[in-house]
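**Q** Submitted below is the structure of interest, expressed as C-alpha cells.
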Amino acid sequence: MSPSPSRIPALSLAAALLAGIGASGALAQNLTIGIGGSPTALDPHFYNASPNISLTQHMFDRLVEQDAEARLQPMLAQSWRPISDTVWEFKLRPGVKWHDGRDFTAEDVVFTIERVPNVRNSPGTFAGMIRAITRAEIIDPLTIRFHTAAPHPLLPTELASVQIISRHAGGGAETEDYNSGRAAIGTGPYRLANYRQGDRTEFTRNENYWAGPQPWARVSYRFIANDAARTAALLAGDVDVIDQVPSSDLERLRRDQRISLYEIQGLRLIYLTFDYSRAENPVLVSDNEGKPFTRNPFHDVRVRRALSMAIDRNALADRVMEGTAKPAGQWLPPGAFSYNPDVPVPRFDADGARRLLAEAGFPQGFRLTLMAPNDRYPNDARTAQAVAQMWTRVGLRTEVQTLPWTTYAARNARQEFNARMGGWGSVTGEASYMLVNIFGTFDREKRRGAANSSRYSNPALDALTERAAATLDDAEREKLLREAVKMVTTDEQVMVPLFQLVNVWATRRGFVYTPRMDERTTAMAVKPAN
C-alpha cells in the first residue's frame, strides 16, 4: 500500500486545544455537522458515493476499517489471513451487538455479501468490492472464509468499503426500508433518530458500542449545498463542523481566532469523461450550425487528446480552486502505490489542440454541452465553466449545464450525457479501485464496471487489471497497475484528468477534527477540544 501522506500545514492541534478551553460540558454532548455533498439514501449499499458512505458509516461498521491515512485497521474483524492462495480467513469480533441487542455473527456477513450486487435501482453499486469472492464459507459463528477464483491480495482492502448489515433486519428490505428506518439497524457508534432526505439526519449515541461510546450524545448531520451558507452557519454557531470549505473563504477563516482549519492531500480526482455507449447519433453534440452528428466525435482519441491539451490545469488549480487542488495527469497523488512517474500532468497547448481537431476532421470545431453537478464537489460548477471557456478558445463552442447531485447522478447512470464531469476517490490507495469500477467493462455478472456510466470497454485493459489483481508480488503488481494507468491516461485518453483535491474541514472553537484522505466527514472524526 502507499506510504503515509505528508499533511498540508494547518492550524496546530495545540492551538485548537487552546481555542477549546472553556467549552461547556453541555456543548460536548451535542454535535452539528454541515456537509456540502448530498447523500441520496440511508441504504449502505445503494450508492458508492462519498456523501452516502459518510452518512451511513455512523450506523454500520465494516469488517476492516481504514484510518485517516487509508491504513487498514481491525473493526468487526479482529484479524484476517490468507490460508491458501485463494482463501482468506476472517476472525470476527466477539460480543458485538446490533442496535436492537441481537448478536452479530458470520451469518450477517454472508447475508451482506449476497445483497451487495443486488440492490435495485443503484446508480453505482459496491459490487466491485466483492467481485473476487466466489463463495463465503461459515466455519463457526465468529469465523468466515472467503474463497476466490484466483489469488486476490487486495480483498481486505476492498472489504473496508463494504458496510455490514443484519440478516434479521435486512431480510427482504429495499432501499426505502432503510430510508424509513425500519431496516437501519447497525452495529455502529450511532443509532438513527430521524432522516429527512435532502435536509438532515439525526443520530443518537449507541451507548453499548463495542469500541465504547462516542463523546456526542446527539449528532445533527445537515446538508448545506450553498458554500456561502455553509460558512455562514459555521460563523454563526449554527453548526460546529463543515466540510468542503469554500476556497474563497479560506484566508478569512484562517484569520478568525474562533475557527480551526484541518487539511490533508486527498485521494479524489476531478476529471472529465465522455459517452462511449453510442458510436452513432450521439447526444449533446452537434456541428456549428446545430445539426446533430451521425457519429460520436469522442470515439476518436485525437479529439479526446485535443480536449485534454486545451485545458490549463495550473489555472484551474490556482484561480478556480484557489490553491486547494493540485494539477493531475492520473488519479493518484505522487508517492501512492501504483502512481506512474512516466505519466506527467498534460501540458497546456491550445495550438496543438487545434491541430489535432483538424486532423480528426473538425478544423472549425463543433458544439457540445458539458454536464456537471453544482453541489457535489468544491467549485464544481465554476470548474465546468472555466473548462468550457478553454474549450471554446480552441473552436469547441461549449455550453455548460449543471444539476443538483441527486438528479445528475441518476441521469448520468442512464447514459443521458456525453461530455461530463466526474470525481472518484481511490480509497484503496492504489490504482485498481478506479480501473475496476470506472474503466472496467460494465458487467453485472462479473461485478465489474459498477460505476462505469460512460460505458467504456477495453478487453485488453480488463485483462491487465485482472492480472494485476491476482498478482501476489507487490512489485510486480505495481508494475502491471502502472501499465494500466498509462493505457487509460496516455495511450487511450479515456478520461481527462483535471486535479486532485486537498480536503479541508473547519471547526468552531472547542472541536478538533481528524482530516481524512478519503474525505469522509463523520462525527467519529470529531473530538471535544477540552
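**Q** Can you work out which of the residues in region 381-398 that are touching a residue at least 60 places away in the same chain (Cβ under 8 Å) and open to solvent by 10 Å² or more (accessible area, probe 1.4 Å) is nearest to Gly37 (Cα to Cα)?
**A** Arg382
**Q** Of all residues in region 228-268, how many are of a type in the set (Ser, Thr, Tyr) and over 25 Å from the mean Cα position of the chain (by Cα)?
**A** Matching residues across region 228-268 total 0.
**Q** Something else now. How many of the residues making up region 351-383 are of a type in the set (Lys, Arg) and in a strand (DSSP E or B)?
**A** Number of matching residues: 1.
**Q** Search region 241-278 for residues being part of a loop (DSSP other than H, G, I, E, B) and charged (D, E, K, R), and hand back the single one that is farthest from Gln385 (Cα to Cα).
**A** In this case the residue turns out to be Arg258.
**Q** Still on this structure, I have one more. Inspect region 40-62 for any residue being of a type in the set (Phe, Trp, Tyr), open to solvent by 10 Å² or more (accessible area, probe 1.4 Å) and out of contact with any strand residue (DSSP E or B) (no Cβ under 7 Å at 6 or more places or on another chain) and give the result as yes or no.
**A** Among the residues of region 40-62, at least one is of a type in the set (Phe, Trp, Tyr), open to solvent by 10 Å² or more (accessible area, probe 1.4 Å) and out of contact with any strand residue (DSSP E or B) (no Cβ under 7 Å at 6 or more places or on another chain), which makes the answer yes.
**Q** State the number of residues belonging to region 410-459 that are in a loop (DSSP other than H, G, I, E, B) and either closer than 22 Å to Arg516 by Cβ or small (Gly, Ala, Ser) (or both).
**A** Matching residues across region 410-459 total 14.
**Q** Any chance you could count how many residues in region 104-132 are surrounded by 15 or more Cβ atoms within 10 Å (Cβ to Cβ) and not in a loop (DSSP other than H, G, I, E, B)?
**A** Matching residues across region 104-132 total 16.
**Q** Quick one: how many residues across region 68-98 are open to solvent by 20 Å² or more (accessible area, probe 1.4 Å), farther than 30 Å from Val502 by Cβ, touching a residue at least 60 places away in the same chain (Cβ under 8 Å) and not in a strand (DSSP E or B)?
**A** Residues in region 68-98 being open to solvent by 20 Å² or more (accessible area, probe 1.4 Å), farther than 30 Å from Val502 by Cβ, touching a residue at least 60 places away in the same chain (Cβ under 8 Å) and not in a strand (DSSP E or B): 4 in total.
**Q** Scan region 28-39 residue by residue and report those that are assigned to a strand (DSSP E or B) and either open to solvent by 10 Å² or more (accessible area, probe 1.4 Å) or of a type in the set (Val, Ile, Thr) (or both).
**A** Across region 28-39, the qualifying residues are Asn30, Thr32, Ile33, Ile35.
**Q** Turning to a different aspect of this structure: Tell me whether region 457-470 contains one or more residues that are open to solvent by 20 Å² or more (accessible area, probe 1.4 Å) and touching a strand residue (DSSP E or B) at 6+ places or on another chain (Cβ under 8 Å).
**A** No, region 457-470 has no match at all.
**Q** Being of a type in the set (S, T, N, Q) and modelled with pLDDT under 95 narrows it down to one of Thr402, Thr406, Thr369, so name that one.
**A** Result: Thr406 is the single residue among Thr402, Thr406, Thr369 that is of a type in the set (S, T, N, Q) and modelled with pLDDT under 95.
**Q** Further, regarding this structure: If you take the residues of region 498-530 that are closer than 13 Å to Val245 by Cα and β-branched (Val, Ile, Thr), which of them is surrounded by the fewest Cβ atoms within 10 Å (Cβ to Cβ)?
**A** So the residue we want is Val502.
**Q** Look through region 402-427, keep the residues that are more than 20 Å from Gly37 (Cβ to Cβ) and of a type in the set (S, T, N, Q), and return whichever of them is surrounded by the fewest Cβ atoms within 10 Å (Cβ to Cβ).
**A** Filtering region 402-427 for residues that are more than 20 Å from Gly37 (Cβ to Cβ) and of a type in the set (S, T, N, Q), the one surrounded by the fewest Cβ atoms within 10 Å (Cβ to Cβ) comes out as Gln415.
**Q** Could you please tell me which pairs satisfy a Cβ distance under 9 Å, a separation of 6+ or placement on different chains, a first residue in region 265-286 that is without any contact (Cβ under 8 Å) to a residue 40 or more places away in the chain and open to solvent by 20 Å² or more (accessible area, probe 1.4 Å), and a second residue that is β-branched (Val, Ile, Thr) and in a loop (DSSP other than H, G, I, E, B)?
**A** Glu280/Thr294; Asn281/Thr294
**Q** Give me the residue from region 306-361 that is on the phi > 0 side of the Ramachandran plot and touching a helix residue (DSSP H, G or I) at 6+ places or on another chain (Cβ under 9 Å) and, out of that set, surrounded by the most Cβ atoms within 10 Å (Cβ to Cβ).
**A** Filtering region 306-361 for residues that are on the phi > 0 side of the Ramachandran plot and touching a helix residue (DSSP H, G or I) at 6+ places or on another chain (Cβ under 9 Å), the one surrounded by the most Cβ atoms within 10 Å (Cβ to Cβ) comes out as Ser338.
**Q** For region 441-465, give me each residue that is over 22 Å from the mean Cα position of the chain (by Cα) and free of Cβ contacts under 8 Å to residues at least 12 places away in the same chain.
**A** Residues satisfying the conditions are Glu445, Ala463.
**Q** Further question on the same structure: Any idea how many residues of region 294-320 are in contact (Cβ under 8 Å) with a residue 40 or more places away in the chain, over 19 Å from Ser247 (Cα atoms) and part of a helix (DSSP H, G or I)?
**A** So the count comes out to 11.
**Q** Across region 146-188, what is the total count of residues that are within 19 Å of the chain's Cα centre (by Cα) and open to solvent by 40 Å² or more (accessible area, probe 1.4 Å)?
**A** The qualifying residues number 0.
**Q** While we're on this one: What pairs come up if the first residue lies in region 154-179 and is closer than 24 Å to Asp103 by Cβ, the second is basic (Lys, Arg) and part of a helix (DSSP H, G or I), and their beta carbons are under 9 Å apart, counting only those six or more places apart or on different chains?
**A** Listed by first residue and then by second, the contacts come to Ile165/Arg115; Gly170/Arg115; Ala173/Arg115.
**Q** Name the single residue that is nearest to Arg205 (Cα to Cα) among those in region 218-239 being among the polar types (S, T, N, Q) and surrounded by fewer than 22 Cβ atoms within 10 Å (Cβ to Cβ).
**A** The residue in question is Ser220.
The values are calculated or read from the model by the stated rules, or taken from the named source; none is laboratory data. Please read these numbers as outputs of a predicted model, since none were measured by experiment. Glycine also receives a Cβ, built like all others from the backbone with ideal geometry; neighbour counts cover every protein chain displayed. Ligands, DNA and RNA are stripped out before the accessible areas are found, and what is left, the full protein with its side chains, is counted by its heavy atoms. Shrake-Rupley method; radii C 1.70, N 1.55, O 1.52, S 1.80 Å.
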